[in-house]
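The values are calculated or read from the model by the stated rules, or taken from the named source; none is laboratory data. In this text the structure is predicted, and so the values were computed from the model without any measurement. Cβ placement follows ideal geometry from the backbone for every residue including glycine, while neighbour counts extend to all protein chains displayed.
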Amino acid sequence: MGNLSLVLVNLGRNWVRTLLTVGSVMVALFLFCTLGGVLDTLKAAADSGSRERLATRNAISLTQWLPGSYQQRIAMVPGVQRVAVQNWFGARDPQDTRSFFAQFAVDPNFWPMYTKDLEIVQWTNPPVQLSVPAGQDPHMASYFAEKNSCIVGAGLLKKKGWHLGQTIQLAGTIFPGTWDFKINGVYANRPGGTWRDDMMLFRFDYLSEKGMGGQNFVGVYKLAIADPSRSAPIAKQIDAMFQNSDAATLTESEQAFGAGFVSMYGNVPFALRVIGLAVVFTILLISANTMVTAVRERTNEIGVLKTLGFSDGAVFGMVLTEAAVIAFGGGVAGAVLAFLAVRGANLGILPPLTVAWSTLVAGIGIALVIGAVSGLIPALWASRLRIVDALRRVD
Amino acid sequence: MAIPLVYNVRNVIQRPVGTLTTAAGIGLTVAILIAALALAIGFRTTLVTTGSPDKVVILRKGADSEISSGVGRDEVEILRALPDVAIGPDGRPEFSAEMVVVSNLKRIGQPGSSNVTLRGVDLASIGVRATPQMVEGRMFAPGTDEVVVGRRIAPRFEHCAIGDKIVFQNRPFTVVGHFATGGSSLESEIWGDANVLMPVMHRENAYQVALFRMKDPSRFDALKRLIERDPRLGVQADREDRFYTEQSAALTVVLSTVGVFITVIMSVGALFGAANTMFASIGARTREIATLLVLGFRPGAIMASFVIESVLIGLIGGVLGCLIALPINGITTSTTNFQSFSEVAFAFRVTPFTLLIGMVFAAGMGLVGGFLPALRASRQSLAAALRKA
C-alpha cells in the first residue's frame with residue numbers, strides 16, 4: 001500500500017519539525033524512564049532482603065543497642081539455626097570525606113549464613129599454614145588470624161583504588177579514633193544474592209575490644225531459621241521473650257528490615273511519580289500542537305488526496321500513523337538513552353540504578369498513547385474536511 | 001533601528017491556541033523548576049534557621065551527627081563552667097546538655113515507618129535551644145513521663161496526637177502538647193525530660209550534645225581551640241548555624257541536583273516545542289514578513305522582532321508556570337535526612353527569588369527557542385517570499 005510511503009514523505013519534507021518533535025518525545029521518555037528507574041531501584045532495594053532470614057533490632061530504633069547476651073538466648077529459640085551479629089560502624093575515609101560507604105562489624109556466625117550471597121574471590125595467604133574455624137571458608141584463614149582484618153566488596157575495592165593486603169585507615173564517628181584495617185579478602189556477589197558489593201565487613205571482636213571496652217553492644221542480630229514458613233511465630237516468640245527486659249526487641253524478616261530503610265524516603269517516590277506525569281502531559285501538549293500545525297498547513301493537499309479518491313478513513317489513518325511514527329521513534333530513542341544513561345549511575349545510598357524492562361515497555365506504550373492522542377484531533381479534522389472547503393481555502 | 005513590535009504583539013494575541021499550548025509547555029517546565037527549587041530552599045531554610053552563630057554545639061570528637069555523639073557528664077560540667085558561657089538573666093549559665101536518640105515510629109497515611117528524633121532536655125535551660133510556643137496542649141511537666149511533639153511531625157506519625165501514648169522500653173509516655181519553634185527542624189522532634197528519658201534509654205552516663213550561648217561570639221575561634229585542646233575533653237566545637245548547614249548539606253545537594261537534572265532535560269523538550277511553534281508560525285507568515293521587508297524594515301529588525309515575539313510567549317509561559325507553582329507554597333513534606341538518620345518535615349518555599357528565576361528561565365527558553373526560526377525569517381529573499389503565495 002502506498003499510504004505508508006506518503007506518510008514517510010510527509011515526515012521528511014519538514015525534517016526540522018519532525019526532528020524537533022521526535023526530540024521532545026524522546027526527552028520526555030528519557031526523563032520518564034530515568035525517574036521510573038529510580039522507583040524500580042527503590043522497589044528492588046525494598047525487596048532485596050531474604051525472607052529466609054530474620055533481623056532482630058532494638059524496638060526503639062536501630063541506633064539503640066541490644067545486649068550481647070541476647071545472642072545465646074535467641075539461639076535457644078526452637079527453629080533458630082544460627083544467630084549472627086551485624087553492627088553498623090559508620091566511619092569515614094579521611095582521604096575522601098565526601099564519599100561514603102557502609103561498614104559492618106560481623107561475628108564468625110555471619111559468614112556461613114551468607115555463603116549463598118557472598119563469595120570470597122581474592123584472599124591473602126597467612127604466613128604459616130592455619131586452619132579456619134569449622135564451617136568457614138578455607139580462604140579466610142588470614143581473616144581469622146588477624147584481628148583487624150577486613151573483607152571488602154569488589155566494587156568498593158575498585159572504586160577506592162585499594163589493593164589486597166593493604167592496610168587502610170578510617171576515622172570513627174560512633175566509635176572515636178583512627179582505625180586500621182587490613183584488607184585480607186575481597187568478596188563478590190553471587191548471582192541472585194541479596195548483598196551489595198560496595199561495602200566493607202570486619203571482625204566484631206575488633207570493634208568490641210577497641211570501641212566498646214570489651215563489652216558487646218549489638219546493633220542487629222541476623223537469624224537463620226530452619227523453616228521460613230514459621231518466621232512469624234518465631235519472631236513473635238523472640239520479641240515476647242525480651243518484652244520485659246532491659247531492651248525490648250523488634251524481629252522481622254530481613255526483607256521487611258530492608259524495606260524499612262526504603263520507607264524512610266517518605267514522599268519521594270510519590271513526588272517522582274507526579275513529576276513523571278507532568279513531563280508526559282507537557283510533551284503531549286507540545287506534540288499535539290505540532291501535529292495540528294503540521295496538518296493544517298496541508299489543507300490543500302488533503303483536498304487533492306481526497307479528490308484523487310483517498311477515502312476519509314485513509315486520510316484519518318495517514319495522519320494518525322504520522323503522529324504514531326513520530327511518537328514511537330521518540331519513545332524508543334528515549335527509552336534506549338535512559339537505559340544506557342542509568343546503567344552504572346550510583347546515588348550513594350541506593351544500590352546502583354537499573355531500569356526495569358517493565359518501565360521501558362510502559363514508557364514506549366506511553367509514547368504511543370501520546371502519538372495517538374496528539375494525532376487524533378488533526379486526523380479527525382482532516383478526515384472530515386470537505387474537498388470544496390479544502391481547495392477553496394487559501395493560506 | 002525600528003522594530004515592528006506592535007505587529008508581533010498582535011500576532012501573539014491573534015493565535016491564542018498556538019500561543020497558549022506553547023506557553024503551557026514552557027509553563028509546566030517552569031512550574032517544575034520552581035517546585036524543585038522551593039523544595040531544596042524549604043529544606044535548607046528549615047535546617048539553617050535552626051542554628052544561630054552565637055551558640056556553640058559540642059559533640060564528641062569525630063562524631064558527624066548528634067546520634068553518633070556522646071558527651072560525658074564530667075565533660076559537660078567542665079564545659080558548663082567555662083568563663084565564655086553567657087550567663088542568663090536568672091544568673092544561670094546559658095547551657096543546655098541534651099540526650100538525643102532516634103525512635104522508629106509508624107507513618108500515618110502511607111506504609112512504613114521512619115526515625116524521629118527524641119530529645120531529652122532540661123526545661124530550665126530549654127531557652128538556650130529554642131523558645132517553644134505551644135500550638136496545642138501544654139509543655140511537659142518536669143520529672144514526669146510526659147512528652148511534647150513538634151507540630152510538623154505530629155500529624156505525620158502514629159501516637160503523636162495529644163493524649164496518645166508513645167511506648168519506650170515498656171514505659172508509656174503521654175503526649176501532652178504540640179510545639180512550634182518558628183519553622184526550624186526542631187519542629188520535627190519529640191521532647192521530654194532528660195532526667196526521665198536518659199535512664200529509660202540506658203544513657204545515664206552521657207549526653208549526646210551540649211549547647212551554649214557565647215558571651216562574646218567573636219571569640220569563637222579561640223574558644224574552639226581551647227575546648228578541643230583541653231586534655232580532659234574529647235569533644236569538638238562548632239558554631240550552631242554551621243553545624244546545621246553541614247547537617248543539611250548532603251540532602252540539599254541531592255534535592256538540587258535531582259531538581260536541576262529534571263528541569264534541564266524537560267526544558268530541552270519544551271525548547272523543541274517552542275522552536276516548532278515559532279517555525280510554524282513564521283512559515284505561515286512568509287508573505288507578511290516579505291511585506292515588512294518591502295515596507296523598509298531591516299532584516300536585523302525582523303529577526304529581533306521575532307525573537308522578542310518568542311520571548312513574549314516564553315514570558316506568558318513563565319507567568320503560567322508561576323501561577324501553577326504558587327499553590328505548592330507551604331505544603332509540608334518530609335523525608336529522612338540520612339545525615340542525622342531522622343525524619344525532617346519541611347514546607348515548600350516559593351519565594352520571590354524562585355519566581356524570578358522561573359521567569360528568567362522562561363524568557364531564556366523563548367529566546368533560545370525563537371532564535372533559529374527568527375534567523376530564518378530574517379533571511380528569506382524578498383522575491384521568493386512574495387512569489388510563494
key: Contacts under 9 angstrom Cβ, first residue in the stretch A:280-301 being in the same structural domain as A:F30 (by TED's automatic domain parsing), partner at pLDDT 80 or above and acidic (D, E), 6 or more apart   = A:M291/A:E322; A:A294/A:E322; A:V295/A:E322; A:T299/A:D389
Residues located in the stretch B:331-389, provided they are crowded, with 18+ Cβ neighbours inside 10 Å, part of a helix (DSSP H, G or I) and small (G, A, S) = B:G358, B:A362, B:A363, B:G366, B:G369, B:G370, B:A374, B:A377, B:S378, B:A385
inquiry  = Condition check: under 23 Å from B:S103 (Cβ atoms), within 14 Å of chain A (Cβ to nearest Cβ) and within 31 Å of the chain's Cα centre (by Cα). Does B:S184 satisfy that?
reply    = no
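Considering only residues that are among the aliphatic types (A, V, I, L, M) and part of a strand (DSSP E or B), look in the stretch B:103-129 and name the one that is farthest from the other protein chains (Cβ to nearest Cβ).
B:V121
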request  = Check whether at least one residue in the stretch A:244-258 is buried (at least 19 other Cβ atoms within 10 Å of the Cβ), farther than 14 Å from A:Y70 by Cβ and either facing chain B (nearest Cβ under 9 Å) or modelled with pLDDT under 85 (or both), and report yes or no.
outcome  = no
Per-region count, the stretch A:167-190, residues surrounded by 14 or more Cβ atoms within 10 Å (Cβ to Cβ) and not in a strand (DSSP E or B) = 6
request  = Look at B:G234 and say whether it is in contact with a Pro (Cβ under 8 Å, 6 or more places away or on another chain), in contact (Cβ under 8 Å) with a residue 24 or more places away in the chain and within 14 Å of another protein chain (Cβ to nearest Cβ).
outcome  = yes
key: Within the stretch B:305-338, considering residues that are of a type in the set (S, T, N, Q) and under 30 Å from B:N115 (Cα atoms), the one farthest from the other protein chains (Cβ to nearest Cβ)   = B:N329
request  = Might you check whether a residue that is surrounded by fewer than 18 Cβ atoms within 10 Å (Cβ to Cβ), free of Cβ contacts under 8 Å to residues at least 12 places away in the same chain and within 26 Å of B:V76 (Cα to Cα) occurs anywhere in the stretch B:179-199?
outcome  = yes
query = If we keep just the residues of the stretch B:36-76 that are in contact with a Lys or Arg (Cβ under 7 Å, 6 or more places away or on another chain), within 14 Å of chain A (Cβ to nearest Cβ) and of a type in the set (A, V, I, L, M, F, W, C), which is nearest to B:G358 (Cα to Cα)?
reply = B:A38
message = Can you pull out every residue in the stretch B:237-255 that is farther than 17 Å from B:K61 by Cβ, surrounded by fewer than 17 Cβ atoms within 10 Å (Cβ to Cβ) and in contact (Cβ under 8 Å) with a residue 24 or more places away in the chain?
response = B:A249, B:A250
remark   = Checked the stretch A:302-322 for anything of a type outside the set (D, E, K, R) and either over 16 Å from A:S374 (Cβ atoms) or not assigned by TED's automatic domain parsing to the domain that holds A:R17 (or both); matches are A:I302, A:G303, A:V304, A:L305, A:T307, A:L308, A:G309, A:F310, A:S311, A:G313, A:A314, A:V315
note = B:V258 meets each of (1) within 10 Å of chain A (Cβ to nearest Cβ); (2) crowded, with 20+ Cβ neighbours inside 10 Å; (3) in contact with a strand residue (DSSP E or B) (Cβ under 6 Å, 6 or more places away or on another chain) with one exception, condition (3)
ask   = helices (runs of 4 or more DSSP H) wholly in the stretch A:1-81 with at least 3 residues that are away from chain B (no Cβ under 14 Å) - which ones?
value = A:3-13, A:70-75
query = Only one residue in B:F306, B:F279, B:F371, B:F341 is among the aromatic types (F, W, Y) and touching a strand residue (DSSP E or B) at 6+ places or on another chain (Cβ under 8 Å), so which one is that?
reply = B:F341
key: Breaking point among (1) buried (at least 19 other Cβ atoms within 10 Å of the Cβ); (2) closer than 22 Å to B:G273 by Cα, for A:L376   = (1)
message = Would you confirm whether or not the stretch B:152-170 contains a residue that is part of a strand (DSSP E or B), free of Cβ contacts under 8 Å to residues at least 60 places away in the same chain and away from chain A (no Cβ under 14 Å)?
response = yes
note = Selection over the stretch B:261-281 where residues are of a type in the set (F, W, Y) and either buried (at least 24 other Cβ atoms within 10 Å of the Cβ) or not in a helix (DSSP H, G or I) (or both) yields a count of 1
message = Within the stretch B:91-114, take every residue that is in contact (Cβ under 8 Å) with a residue 40 or more places away in the chain and farther than 22 Å from B:R60 by Cα and give me the one that is surrounded by the most Cβ atoms within 10 Å (Cβ to Cβ).
response = B:S114
